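Asker: My questions all concern the structure below.
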Amino acid sequence: MKQLFFLLFTLYLSNAFSQVQTISIKLTEPNGAPIVGSAVVLTERNDTLRKQYAITDTAGLASFNIGKERQFVVLATFIGLKPLQRGVTVTDKQAQFTFVMETLSAELKGVEIVAKKPLMTQEDDKTVVDAEQLALTSTNALEVMEKTPGLFIDQDGNIYITSGTPAAVYINGREQRMSNADIAALLRILPPNSIEKIEILRTPSAKYDASSSGGLVNVVLKKGVKIGLTGNVNAGVNQGVYGNRFVGLNLNNNEGERTSFFNVNAVQANGFNKVTSDRILTDNTLHQYSYTKTPSDALSMGFGLGRELKKKWTLNYDARGNYSNNRSDANTESVIKSRPSESLLSDNDNQLKNNNKNINVSQGFSAKLKMDTLGSEWTTDVNYNFSNNQGEQDYTTTFTLPIVNPINGNGDWDNKRHFFSMQTDVKYKLPHQVTLETGAKTTFQRFDSETAYFINAKKDDFRTNTYRFKENINAAYLQGSKKMGDYLLKVGVRLENTNMSGNQTIPKDTSFGVHRTDLFPYLYFSRKVAKIAGYELRGYLVARRTITRPTYEMLNPFPRFLDQFLYEAGNPSLKPQFTQNYEFNISVNEMPIMAFGRNYTQDIFTNVIYPDPQTPIISYRTYDNLGKNVETYGRLTGAIPPGKKYFFVVGIQYNHNNYNGVYADSALSFQRGSWSFFTYHSLKIGKLTNISMNGFLRLKGQLQFYELDNFGALNFYVNRQFLDRKLIVSLNFSDVFLTNRYSFTLNQGAIQALGTRANDTRRIGLNIRYIFGLRKKEKRENMFDIPEGGS
């Protein structure tokens, strides 16, 4: 009866076409054998409601009566083989199409399918990293990213991909529009196993914000993905000089059309930061030794709801809240000696304590409409984020030589930030393998900062500050792509309108405004290069223009006390920098193996140190536009394909920067090349134990104009599964050889300095994760997507 039904249904559809032609779809296995009993669905590309259904016969053939000179999509499914989807164009010259269905690399255990997932894959212009294995030995989301091959995270939490500019960080495809330090603090709170995958875009397309000169890292968080109620409880500790501990709970529920999730995570951490430095003054040398303890407590909660309506609409709401209390207790000893006699001129000690409380709340709503079965879709996303940062600071400077009265200071601050974004995107699949994408986005941001400082019980007019910052960015883009056999061409352009205004009312007016509109073109070309030993080599060419806008912290002129000889302040006159990027890269079987590129940057701004104009012995750290920079980079990556007992990724990257401009009213000419090596290894011992190792090494590193010596880290992990694979115990040892510390040199303008920096990086830890769940039996799929009860 079922076969008769599909035969009548096919005949009914064939009569609807004005010009009728019979075609055959032949399906074979990789060895050439015909596939008998495969379900085949034929969908008209321009009218996805028109479908025909058939089952292959003993020769592997399925026949259809269709209209001439039209385009169709063939979808074939068969147990044990990968689903096949191909486009066909019907003409008088071709009446049969033959396709090979690939074997599904999986083990069937009841209704559960277990397949090998590669650590890294390439999808068009982005690298996708599976975070599951990396999360097992991590205590927070930032540690997961530290273990990701190809990402480098410095000791301040900045994330780098290929260039010397930090990457933009998105969470669930949403721009965070925070400073790099605030984003790092947020990632330290997120639980590690809440991450589903990490998407790395070295050269983001016109769809993404143009403010991504250093590339883009999108952290995709998990939602309800498995049928039924599932979840896990996880806890961990690690010990260096100081200890860290965390505990968390994750719940996911999927009832088919409805999904929901909830997670909560608590973290208690502590560490240290040790810096020694020697700064050359006119006739003297300033020697400093600083030791800072950084205890913190954090709580993170998140929940979300999702609903699928009529298999076309998908609606999602998610909310996240974070609270953190970060403290620091710094002791800095400063000694000034004359040159060259080394006579002691001054000796003093500074105690600095900060207590920082931060609340961050984010809410988002998204909707997606599936316009057809070819992948056309319309998505809309609305997001609101609020953060409140309140803090207190106390400092005391005591003098041994000369003997004078101590200096006591204290202050407090209250920073509030509101950020709203709304974005809509449409992707439409057109005939002849053409894809058209367009969209618009608007963001509004307001930042209010108030500080009140006192020195020796009197108001400190220099540090007391009131600052308001507003930003509105409006954007629209148009992007199209075309597949031509082994070639793929993607061209796009993005228009961004920037409106920024800042107003400092205390201690003096430093109002500024920026209003500009810029175009950002994008070009992407890909083609199949060759096929060697069954592996496909594919080449990519990318050209794009980007902008890097200063953040509110870079613009805020409020001076922040660091020690008695150094403070930092923003620069309200800072201009945005523009970068033109060109890159060529090659991937093998969707695994990126080689990249070469160059960045041309105008009006580059970076962190600089200048002598205080009133008191040259005191320096201040700020940001300034210096001129031009040409950065050349290259990367090689090699790997053993996943699926066997042993898997590894190893890579090498070279960066060369050439700066030309003005630094402290003097001509600037600075060049430096640096090498980076990274690796990840995984070895399975039996079915329940896994040993992994990851590490990096940087030779002649660079951080802005700081020249770094060689440093790196090597980390080891052991995972063991118990209780029918529900309990996972992980032992980890980070920075085994205590090599993640470096010496630095700064020799620019009137500043000459050298020193060392070290953090609490060598740690041994234990993570425990227990997985539980009530799985519902999955219903057998309606193979041909026919409405139930229909005829």
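Asker: Can you run the Rg to Rh ratio on the stretch 293-369? Use alpha carbon positions and the Kirkwood inverse-distance Rh.
Answerer: 1.49
Asker: Moving on. Using θ = phi - 60° and the Karplus form 6.51 cos²θ - 1.76 cosθ + 1.60, what ³J(HN,Hα) does each residue of the stretch 347-354 get, whole Hz, x for Gly and Pro?
Answerer: 8, 8, 10, 10, 10, 10, 10, 10
Asker: How much accessible area does residue 102 have with a 1.4 Å probe, in Å² rounded to the nearest 10?
Answerer: Answer for residue 102: close to 100 Å² accessible.
Asker: Let's test this: bin the Cα-Cα distances of the stretch 385-484 at 5 Å from zero up to the farthest pair and state each bin's percent.
Answerer: Taking every Cα pair in the stretch 385-484, the percentages come to 3, 10, 13, 10, 10, 8, 8, 7, 7, 6, 5, 4, 4, 3, 2, 1, 0.
Asker: Here's another thing I want to ask about it. Note down, for the stretch 350-414, the three equivalent ellipsoid semi-axes (square root of 5 times each alpha carbon gyration tensor eigenvalue), biggest first, whole angstrom.
Answerer: 56, 12, 6
Asker: To one decimal place, what orientation-averaged projected area in nm² is obtained for the convex hull of the Cα set of the chain?
Answerer: For the Cα atoms of the chain, the hull's average projected area reads 35.7 nm².
Asker: Probe radius 1.4 Å, ligands and nucleic acids left out: which of 567, 654 has the largest accessible area, and how do the rest follow?
Answerer: Greatest to least solvent exposure: 654, 567.
Asker: Let me ask something else about it. With the dipole of the stretch 133-290 worked out from charges on the C-beta (+1 for Lys and Arg, -1 for Asp and Glu) around the Cα centre, which of 193, 183, 231 lies farthest toward the positive end?
Answerer: 231
Asker: Between residue 650 and residue 448, with labels modelled 7 Å along Cα→Cβ, what's the label distance in nm to one decimal, could you check?
Answerer: Spacing of the two 7 Å Cα→Cβ label points: 5.7 nm.
Asker: Karplus couplings for the stretch 470-477 from phi (6.51 cos²θ - 1.76 cosθ + 1.60, θ = phi - 60°), rounded to Hz, Gly and Pro as x?
Answerer: 10, 8, 9, 10, 10, 9, 8, 9
Asker: Separate question: Just to confirm a number: summing +1 for Lys and Arg and -1 for Asp and Glu over residues other than residue 446 whose beta-carbon lies under 15 angstrom from that of residue 446, what do you get?
Answerer: Counting the neighbours of residue 446, the net charge comes to 0.
Asker: Report, to the nearest whole %, how much of the accessible area of the chain belongs to carbon and sulfur atoms, 1.4 Å probe, protein only.
Answerer: Carbon with sulfur: 57 percent of the solvent-accessible area.
Asker: Using the Kirkwood radius over C-alpha pairs as Rh, can you work out the diffusion coefficient of the stretch 201-345 via Stokes-Einstein at 37 °C, viscosity 0.692 mPa s, in µm² per second?
Answerer: Once the numbers are plugged in, D ends up at 160 µm²/s.
Asker: Let me ask you something else. Pairs on different chains or at least eight residues apart, Cα atoms closer than 14 Å: how many lysine pairs in the stretch 605-699 fit?
Answerer: On the way: 644/684; 644/687; 645/684; 645/687.
Within the stretch 605-699, the lysine pair count is 4.
Asker: Calculate the tail of P(r) for the stretch 533-612: the fraction of all Cα-Cα distances greater than 14 Å, expressed in %.
Answerer: 73
Asker: Tally Lys and Arg at +1 and Asp and Glu at -1 over the other residues with C-beta under 9 Å from the C-beta of residue 539: what net charge comes out?
Answerer: +3
Asker: With the dipole of the chain worked out from charges on the C-beta (+1 for Lys and Arg, -1 for Asp and Glu) around the Cα centre, which of 219, 758, 599 lies farthest toward the positive end?
Answerer: Result: 219, furthest along the dipole toward the positive end.
Asker: Additional query: What is the spread of the Cα atoms of the stretch 647-728 along each of their three principal axes, largest first, in whole Å?
Answerer: 68, 20, 16
Asker: While we're here: Give a quick list of chymotrypsin sites (Phe, Trp or Tyr not before Pro) in the stretch 229-325 that DSSP marks as loop, anything other than H, G, I, E or B, with at most 16 other Cβ atoms within 10 Å.
Answerer: 242
Asker: Students often forget the sequence filter, so: which aspartates and glutamates lie under 12 Å Cα-Cα from residue 337 once same-chain residues fewer than 8 apart are removed?
Answerer: Answer for residue 337, where 12 Å is the Cα cut-off: 278, 283, 347, listed by chain and number.
Asker: By how many degrees, 0 to 90 and rounded to 10, does the Cα axis of helix 2-14 deviate from the longest principal axis of the chain?
Answerer: Once rounded, one gets 80 degrees.
Asker: Now for a separate question. May I ask for the net charge around residue 663, where only other residues with Cβ less than 15 Å from the Cβ of residue 663 are counted and Lys, Arg are +1 while Asp, Glu are -1?
Answerer: -1
Asker: While we're here: Can you tell me the convex hull volume per residue for the stretch 145-227, based on C-alpha atoms, in Å³ to the nearest whole number?
Answerer: So the per-residue hull volume is 105 Å³.
Asker: What relative contact order, as a whole-number percentage, does the stretch 243-364 give when Cα pairs under 8 Å and 6 or more residues apart are counted? Mind showing how you got there, number by number?
Answerer: Values: 292 pairs, mean separation 27.1, N = 122.
Relative contact order of the stretch 243-364: 22 percent.
Asker: Which of the chymotrypsin sites (Phe, Trp or Tyr not before Pro) across the stretch 694-751 are loop residues per DSSP, with 11 or fewer other Cβ within 10 Å?
Answerer: Numbers: sites: 696, 705, 706, 711, 716, 717, 722, 733, 737, 742, 744; in loops: 705, 737.
In loop regions of the stretch 694-751 (DSSP not H, G, I, E or B), the sparsely surrounded chymotrypsin sites (Phe, Trp or Tyr not before Pro) are 737.
Asker: Follow-up question, since we're still on this one. May I ask which residue of 636, 704, 683 lies farthest towards the positive end of the charge dipole of the stretch 609-749, with charges of +1 (Lys, Arg) and -1 (Asp, Glu) on Cβ and the Cα centre as origin?
Answerer: 683
Asker: Which pairs break 24 Å Cα to Cα here: 126/207; 274/458; 197/575; 126/490; 126/441?
Answerer: Among 126/207; 274/458; 197/575; 126/490; 126/441, the Cα-Cα distance tops 24 Å for 274/458; 197/575.
Asker: Binned at 5 Å from 0, what are the whole-percent values of the Cα-Cα distance distribution for the stretch 250-293, short to long?
Answerer: 5, 12, 12, 8, 8, 7, 6, 7, 6, 7, 6, 5, 5, 3, 1
Asker: Given a cut-off of 24 Å, what percent of all Cα-Cα pairs of the stretch 541-685 lie beyond it? Walk me through the numbers on the way to the answer.
Answerer: Details: 5457 of 10440 pairs.
The calculated P(r) of the stretch 541-685 puts 52 percent of pairs beyond 24 Å.
Asker: Could you provide, to the nearest whole Å², the per residue accessible area of the stretch 265-310 with probe 1.4 Å?
Answerer: That works out to 48 Å² for each residue.
Asker: Roughly how much of residue 396 is accessible, in Å² to the nearest 10, using a 1.4 Å probe?
Answerer: Answer for residue 396: close to 50 Å² accessible.
The values are calculated or read from the model by the stated rules, or taken from the named source; none is laboratory data. Please read all numbers here as calculations on a predicted model, not as lab measurements. Here Cβ is always computed from backbone atoms with ideal geometry, including for glycine, and neighbour counts include all displayed protein chains. Just so you know, the surface numbers come from the protein's heavy atoms only, side chains and all, with ligands and any DNA or RNA stripped out. Shrake-Rupley method; radii C 1.70, N 1.55, O 1.52, S 1.80 Å.
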